[in-house]
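J.: The structure follows.
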Amino acid sequence: MIQIKNINKSFGDLHVLKDFSADFQRGKVNLIIGQSGSGKSVMTKCIVGLMEVDNGSILYEGEDFSVMSNKERKEIRKEIGMLFQGSALFDSLTVEENVMFPLKMFTNMSKKEMLDRVNFCLDRVNLSGRNKLFPSECSGGMQKRIAIARAIAMKPKYLFCDEPNSGLDPSTSIVVDNLIKEITYEYDMTTIVITHDMNSVIEIGDNILFLYKGMNWWTGTKEEIIKTDNQEINDFVYASQFMKNLKEKLKQEF
Amino acid sequence: MNYIHSIGKYFNMLRSVFARPERLKIYYTRTLTEIETIGLNSIGIVAILSVFMGAVISLQTASNMDSPFLPKYTIGYITRSSTILEFSPTIISLILAGKVGSNIASEIGTMKVTEQIDALEIMGVNSLSFLVLPKVIAAVFFFPFLIIISMGLSILGGYFALMSANLASHDEYIYGIRAFFEMGDIYYALTKTAFFAFIIVTVSSFFGYFTKGGALDVGKSSTQAVVWSSICILLMNFVLTQLLLF
């Protein structure tokens, strides 16, 4: 479980995160939605330690990450898998080498054990036999799945996904979404997904957090987001007439 | 103020670069790869430049020797001395700052803007040490070899130029090359080269690592890396010459 308590983050005069608090539960897909510039990516970078918060606490299983030494942070980071918006695969390495990279760096596994794990992870994301391809030879959807395979190679306790559907067609988005959902339950991970994709909200969101102007504006389930009368959420989620009509239909269903 | 901030940031970066590596075996493999990328792949350009550099030095020396009292072997002597003391270590290092420096800055800069460095950090890898240390070791170890090759080829270039223009005899040139030779000159040149190699890699990595933005900014970082590496080389050349020769 990850708990965020009253964190603030500013860049000069720009106050991006304002007294932000949230709980992200284990074994659940925790979705963060919000408009562009609302502070979603900054918040994720603060949680994983790529940015320092101005004040407040970030607790991993009760341990305060923001006051940890570099060595302690490194240990936590070995339990984190992250799927970046642009996949962030190492372009000089093959698919196999990308997935094997964390195993090589942090485990004492033999070459055969590592290969077995790589093949298992690639099989898990339906990319068996693509070991020798380079990232540049793979499609956007494949790159996302390779990044997921790399993220789960070390059997992480925490998974962060920064807009996993960006740049993907609807059917590939569903494949990636389902994969994230399945591996969250399979590995009992604390998964945090930043998304703009409303399909993801309905498909995989166990807990949903709406970030608005750097604040935790609303928290609830996918059933609750459909029924809510919160003006800001409705303006964001049901921006188009099509979505407004869909909301009415869904309201009747739930 | 900005410059002081950048210098501080550079030395902070060096502290992370020389932090204890996570996996020595991986660093060893990466160092060998870097020797190939920034060392072996530079042999061609170094060879071409050195031959023509030596040829021009010897021709210019010959053309400026008007006095009949100056012996012809002086051409060989001046070609050797200027090549070993200055042209090979400094000029070739400046060329390498252009070739290797821009390569390093754009490689690391691209990794930065495509979040590959963030990915390394999230995994718990010291990205600076992982990316820069093997390059530093490879360059400091291999650049002196490049300079030795450059010295040899430069002197050879001078020989062929003189012979083809019939400006001195074979014996005169060889005698000049061997005259008043001091091994200390070679040590001086190689020491300078090792410092220059360190500057090229670390300064270029600095500009690459702190790139922000996109493709355009990677290009800017690459240019800045070459400009500042060259300036630092020239400054260090002056300091080292003072320290080592006087």
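J.: Can you list the HN-Hα couplings for the stretch A:71-87, worked out from phi with the Karplus curve (6.51, -1.76, 1.60; θ = phi - 60°), rounded to whole Hz and with x for Gly and Pro?
T.: 5, 5, 5, 4, 5, 5, 5, 5, 9, 9, x, 9, 10, 7, 4, x, 6
J.: A:Asn6 to B:Ile26: FRET efficiency via 1/(1 + (r/R0)^6), r the Cβ-Cβ distance, R0 41 Å, to the nearest 0.05?
T.: 0.55
J.: So the label point goes 7 Å from the Cα of B:Met163 along Cα→C-beta, right? Which residues of the stretch B:120-153 then have their backbone N under 14 Å from it?
T.: Those under the cut-off are B:153.
J.: Based on Cβ point charges of +1 for Lys and Arg and -1 for Asp and Glu, what charge dipole magnitude is obtained for the protein assembly as shown about its Cα centre, in debye rounded to the nearest 20?
T.: 580 debye
J.: Further question on the same structure: With the crude spin-label approximation of a point 7 Å out along Cα→Cβ, what separation in nm comes out for A:Ser110 versus B:Tyr187?
T.: Output for this residue pair reads 5.0 nm.
J.: Within 10 Å of each residue's Cβ, count the other Cβ atoms and sort B:Ser63, B:Ser221 from fewest upward.
T.: Arranged by neighbour count, lowest to highest, B:Ser63, B:Ser221 become B:Ser63, B:Ser221.
J.: To continue, here is another question. Can you tell me the relative contact order of chain B? Whole percent, Cα pairs under 8 Å, sequence separation 6 or more.
T.: Relative contact order for chain B comes out at 34 percent.
J.: Moving on to the next point. Please arrange B:Leu24, B:Leu234 by counting, for each residue, the other beta carbons lying within 10 Å of its beta carbon, fewest first.
T.: Least crowded to most crowded, the residues run B:Leu24, B:Leu234.
J.: Another question, if that's okay. If contacts are Cα pairs under 8 angstrom and at least 6 residues apart, what is the relative contact order of chain A in percent?
T.: Reported as a whole number, the value is 27 percent.
J.: Percent antiparallel among DSSP beta bridges with both residues in the protein assembly as shown, to the nearest 5?
T.: Around 50 percent antiparallel, to the nearest 5.
J.: A further question follows. For helix A:111-124, report the angle its Cα long axis makes with the longest principal axis of the Cα atoms of chain A; keep it between 0 and 90° and round to the nearest 10°.
T.: 40 degrees
J.: I'd like the Kirkwood hydrodynamic radius of the stretch A:87-155, using the inverse of the mean 1/r over distinct C-alpha pairs, in Å.
T.: Result for the stretch A:87-155, one decimal place: 11.6 Å.
J.: Can you sort B:Arg178, A:Arg26, A:Arg145, B:Arg20 from fewest to most other Cβ atoms within 10 Å of each residue's own Cβ?
T.: The most exposed by this proxy come first: B:Arg20, B:Arg178, A:Arg26, A:Arg145.
J.: What helices in chain B pass both tests, a Cα length along the helix axis of 30 Å or more and a mean Kyte hydropathy of 0.5 or higher, using whole DSSP H runs?
T.: What comes out of the filter, once short or polar helices are dropped, is B:43-64, B:127-165, B:183-209, B:215-245.
J.: Something else about it: Once both axes come from the Cα atoms, what is the angle between helix A:241-253 and the longest principal axis of chain A, in degrees from 0 to 90, rounded to 10?
T.: 90 degrees
J.: Hey, can you grab everything whose amide H is under 5 Å from the amide H of A:Leu159? Only 5+ residues off in sequence or another chain; H modelled, so Pro and N-termini drop out.
T.: Here the answer is A:Gly81, A:Thr190, A:Thr191, A:Ile192, since their amide H atoms fall under 5 Å of that of A:Leu159.
J.: Compute the length gained on full extension between A:Ser171 and A:Lys213: take 0.36 nm times their separation in residues and subtract their Cα-Cα distance, giving the result in nm to one decimal.
T.: The A:Ser171-A:Lys213 span can extend by a further 12.0 nm.
J.: Amide H neighbours of A:Leu133 under 5 Å, at least 5 residues apart or on other chains, H built in the peptide plane: list them.
T.: Correct list: A:Val95, A:Glu96.
J.: Can you compute the label reach from B:Val227? Point 7 Å from Cα along the Cβ direction, backbone N cut-off under 17 Å, restricted to the stretch B:89-106.
T.: B:97-99, B:101-103, B:105-106
J.: Taking N as the number of residues in chain A, what is its Cα Rg relative to 2.2 N^0.38 Å?
T.: 1.03
J.: Regarding the protein assembly as shown, what is the average projected area of its C-alpha convex hull, in nm²?
T.: Averaged projected hull area, Cα only: 29.8 nm².
J.: Additional query: Treating the beta-carbon of each Lys and Arg as +1 and of each Asp and Glu as -1, no other charges, what is the dipole magnitude of the stretch B:38-245 about its Cα centre, to the nearest 20 debye?
T.: 60 debye
J.: Using a Förster distance of 30 Å, how high is the FRET efficiency between A:Asp19 and A:Asn230, based on the Cβ-Cβ distance and rounded to 0.05?
T.: 0.95
J.: While we're on this one: Compute the helix-to-body angle for A:95-106: its Cα long axis versus the longest principal axis of chain A, expressed 0 to 90° and rounded to tens.
T.: 90 degrees
J.: Write down, largest first, the equivalent ellipsoid semi-axes of the stretch B:38-245 in whole Å, where each equals the square root of 5 times an eigenvalue of the alpha-carbon gyration tensor.
T.: For the stretch B:38-245, the ellipsoid semi-axes come out as 40, 15, 13 Å.
J.: Set the Förster radius R0 to 51 Å, insert the Cβ-Cβ distance between B:Phe52 and B:Tyr3 as r into 1/(1 + (r/R0)^6), and round the FRET efficiency to 0.05.
T.: Efficiency, from the Cβ-Cβ distance: 0.90.
Rule-based calculations on the coordinates, nothing more; no lab input. Just so it is clear, the model here is predicted, and its values are computed rather than measured. Counting neighbours? That spans all protein chains shown, and the Cβs are built from the backbone with ideal geometry, glycine included.
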